[in-house]
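Take a look at the structure below.
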Amino acid sequence: MIRIRLALSGILAAVAGIAVGHLVAGFVDPATSPVLTVSSTVIDLTPTPVKEWAVARFGTADKAILLGSVVLVTLVAAGVIGLLARHRRTLATALLGVLVLATVAAAVTRPAFAAVDVLPSLATLVVGLAAFWWLTGLALAADPEGEHGAARPARVGTARREFIGGALGVATLSVLAAVGGQLRAGAQAARRLVLPRPADPAPAFPAGLEATVPGITPLRTPNDTFYRVDTNLAVPRVDVDRWTLEVDGMVERPFSLTFDELAAMPLIERDITMTCVSNEVGGGYVGAARWLGVRLSDVLDRAGITGAPDQVLSTAVDGFTISTPLDVVRDGRDAMIAIGMNGTQLPEAHGFPARLITPGLYGFVGATKWLTKLTLTTYAAEQAYWTRRQWATDAPIKTSARVDTPRPLSTIAAGRTAIGGVAWAQHRGVGKVEVRIDGGDWQQTELGPDVGIDYWRQWYLPWDAKPGLHRIAVRAVDRSGRPQLSERATPFPSGSSGIQEVVVTVE
Ligand SMILES: Nc1nc2c(c(=O)[nH]1)N[C@H]1C(S)=C(S)[C@@H](COP(=O)(O)O)O[C@H]1N2
Ligand SMILES: [Mo]
């Protein structure tokens, strides 16, 4: 019993420390919650192949699994340290201190560390150690054989009740602190903004095929279903009234803009399809939206480029960086600093209050969310987050087509139906999409409305489905006549390729 009580003391002390740290983080910055800083550090230190494996194996659940593992390892370690307190209570407390100091270290070494960020982990340290000392004291007092134990059996009964009371008290306070931290973090939603109208609006948006081809991806992706990919465990909260955009590096006139100053520049509105380099053939890390923002080249012209920079290094509020090739930004495409998405301000998960959008490039080389700085520099002088992890430097999005309907491995009724999906070849434009059924000839499909070369295209092929098992392959050809690559490639280092082929059962 004494072992269980001691292990429980360690575990509860860790839970209390984590919970109070979480509460304090609710006031400082939700991202500084101890479990998050430790997990973020784990993400940054994880070698690229392991990260790829985790993303491929767990998909968007990878973050939850990481957080769960960090908590589990911490609790197991705290439990073991609790056991050690039986004969070495001071040493055990010191060991727990060392464990918590790791969270302090994780907080201090985050790229965008500010002095207050250390408060949550300091709270964890103080509360964790105090709870540990107190609970192990109660547990040892309830041990009839222990050196601290009350030798008299009557006293042992009282001491046991005291331990149970203490443990319940710590557990209750932990739950309250954790819930309080969650509520406080959730209460700091972004201020609602009224965005100016674009000086250069996008053309009227056409009706997509989703009204007529059931199961096809809608022509425009709503904000709440738009895929989300980033290294952040908590969405960064940016106070738009204190936010600035710095422009520095190899420029004649470095400057800084407030949000209102940025929004007062001439705004363009563009329909652009984004794709993540981690998207597998047939995958869902792709989305299409109407973006409102300032042309990146306008901002660079205002600063006046000097010397021979070859990249725009953009930095997010949390210190995350992205390199975008300068020649791509300046080749006339509509690379922009977006402040609006589908008619509203940027959602927090998608970079509020401002992000980069670079048509034709995968997100990791052109779509910095929670943007705060643009630095004109060279690849020789500075490398961005993913570049340092061996991902490609220049990464144009590869042409690709995806089958949305019928769904892979589904069973559908025999008769007239439609095979349909989306295809993209950003900045080259989709020329045609072809489907091959059961290894037959490639058949040309009907294309949906044309929203420009930076936007995906819906496609469909009427099909008289006969009973049996069928294989449906799809491929896109860009407007210059180049078909998508049929050679299979993994997302690392410059994007997946290959032809998607789905199997369906017709009954
Ligand atoms: N600050 C920040 N910006 C970022 C990332 C990130 O991890 N941090 N990830 C990039 C990647 S890999 C992609 S694909 C896009 C995804 O943007 P979305 O989440 O709005 O779809 O954001 C890019 N911008
Ligand atoms: Mo990405």
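Values in this text are rule-based calculations from the coordinates and carry no lab data. What you see is a predicted model; the values in this text were computed from it and never measured. Glycine also receives a Cβ, built like all others from the backbone with ideal geometry; neighbour counts cover every protein chain displayed.
For the pair LEU72 and ASP464, the difference between a 0.36 nm per residue extended length and the Cα-Cα distance amounts to 135.8 nm. The modelled label-to-label distance for the pair THR411/VAL503, using points 7 Å beyond Cα in the direction of Cβ, is 1.5 nm. Judged by the ratio a/c of the largest to the smallest principal axis of the C-alpha gyration tensor, the stretch 92-191 counts as oblate, that ratio being 1.5 or greater while a/b is no larger than b/c. Among the trypsin sites (Lys or Arg not before Pro) in the stretch 135-206, those located in a DSSP loop and surrounded by at most 14 other Cβ atoms within 10 Å of their own Cβ are ARG191, ARG192.
Applying a DSSP loop filter and a limit of 15 other Cβ atoms within 10 Å to the GluC sites (Glu not before Pro) in the stretch 385-488 leaves GLU487. Screening the chain for DSSP H helices whose Cα atoms reach 24 Å or more along their own axis and whose mean Kyte hydropathy is at least 0.5 gives 2-28, 62-84, 89-108, 119-141, 153-187. Taking the DSSP beta bridges with both ends in the chain, the antiparallel portion is around 90 percent. Label zone (PHE255, point 7 Å along Cα-to-C-beta; backbone nitrogen cut-off 18 Å) within the stretch 298-322: 298-306. What the Cβ-Cβ distance of GLU487 and ARG192 gives, at R0 = 51 Å and to the nearest 0.05, is a FRET efficiency of 0.60.
With respect to the cross-link table entries LYS63/LYS398; LYS63/LYS373; LYS369/LYS398; LYS432/LYS466; LYS51/LYS373; LYS373/LYS432, which display a Cα-Cα separation exceeding 31 Å? Over 31 Å apart, Cα to Cα: LYS373/LYS432. Here the calculated FRET efficiency for ALA154 and VAL98, from their Cβ-Cβ distance with R0 = 30 Å, stands at 0.20, rounded to the nearest 0.05. Spacing of the modelled spin labels on ALA112 and ARG479, each 7 Å from Cα toward Cβ, amounts to 3.7 nm. Each peptide among 105-114, 456-465 gets the average number of other Cβ atoms lying within 10 Å of its residues, and from highest to lowest they stand as 456-465, 105-114.
Loop-located trypsin sites (Lys or Arg not before Pro) in the stretch 72-143 (DSSP state not H, G, I, E or B) with no more than 15 neighbouring Cβ atoms inside 10 Å: ARG88. The distance from the alpha carbon centre of the stretch 232-297 to that of the stretch 1-63 is 30 Å, rounded to a whole number.
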